[in-house]
Amino acid sequence: MAKGSNDVILRDRLQFDIDANGDTSLVYGRIDLSDYVSIPENKGLAIKEVRFQLRTRVENADGVWPNYMGPESPNTWGSTAYQSSVKLFATTTAYEEISDVGIGSPNVLCVFEKQSYLAADLTGADVTAAVLDTYEHMFGTPDLHPEGYDVVTDLLIGIGVENCKSSFLADTTAELDIMIIAEPKKITQRDLTQMLTQASDL
């Protein structure tokens, strides 16, 4: 989305830990918007776009999140198939279970999903003779809220990781870069009523 004359671009970087099993239970980072939002002052932001960039922090690596997120050798997981996933979302409501979050969930601005799947050769467990499939999709703010999503509070960024046993991911601290394009706006009583309606609409 092109930057409008009144738009602001906000950037932040969050860190999250991935355990030795390649998992991260749902955790949140908070984006401080206090310079732009205030209910008593009728100040809000219309968030037009949220961009995510996952980054690894392995020493001497380039920081690029791997396309295939599972273990490098099938022998390390003793099976003929392995699936990994990561899920990111922006919201103004803290959900307890990541499985409850989707594009139909109240107060969810956008959802990013990435999966990788490896099916090894049944005869030799040779990673060079494997079927590799990846899926990545961003249900973005321009798609879900074309005119922007109005907020009057800080923004929460949720993340969950499962079975990401790549040597670049398991037992490391990873990073998530976030860029937000938003337009400051005056929040009316009608806007506040609409926010409350959306929050209870499922």
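The values are calculated or read from the model by the stated rules, or taken from the named source; none is laboratory data. This is a predicted model, so every value here is computed, not measured. As a convention, Cβ positions derive from the backbone with ideal geometry for all residues, glycine included, and neighbour counts pool all protein chains shown. Protein only, heavy atoms only, side chains kept; ligands, DNA and RNA dropped before computing areas. Shrake-Rupley method; radii C 1.70, N 1.55, O 1.52, S 1.80 Å.
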Query raised in the report: Do any strands (runs of 3 or more DSSP E) entirely within the stretch 143-202 hold 2 or more residues that are at pLDDT 80 or above and closer than 16 Å to Tyr28 by Cβ, and if so, which?
Result: 155-162, 172-186
Query - Which numbered condition Asp121 fails, given (1) at pLDDT below 90; (2) open to solvent by 60 Å² or more (accessible area, probe 1.4 Å); (3) part of a loop (DSSP other than H, G, I, E, B); (4) charged (D, E, K, R) - result: (2)
Requested in this report: Six or more apart or on different chains, Cβ under 7 Å: which pairs go from a residue in the stretch 137-161 that's closer than 27 Å to Glu41 by Cα and in contact (Cβ under 8 Å) with a residue 60 or more places away in the chain to one that's of a type in the set (Asp, Glu) and open to solvent by 30 Å² or more (accessible area, probe 1.4 Å)? Could you list them?
Outcome: Gly148/Glu183; Asp154/Asp32
Report summary line: His137 passes all but one of the listed conditions (1) modelled with pLDDT of 85 or more; (2) in contact with a Ser or Thr (Cβ under 9 Å, 6 or more places away or on another chain); (3) in a strand (DSSP E or B); the exception is number (2)
Report summary line: Condition set open to solvent by 100 Å² or more (accessible area, probe 1.4 Å) and of a type in the set (S, T, N, Q), scope the stretch 1-24, selection farthest from the chain's Cα centre (by Cα): answer is Ser5
**Report entry** Unmet requirement for Tyr28, which otherwise passes all of (1) surrounded by 11 or more Cβ atoms within 10 Å (Cβ to Cβ); (2) modelled with pLDDT under 90; (3) hydroxyl-bearing (Ser, Thr, Tyr)
**Finding:** (2)
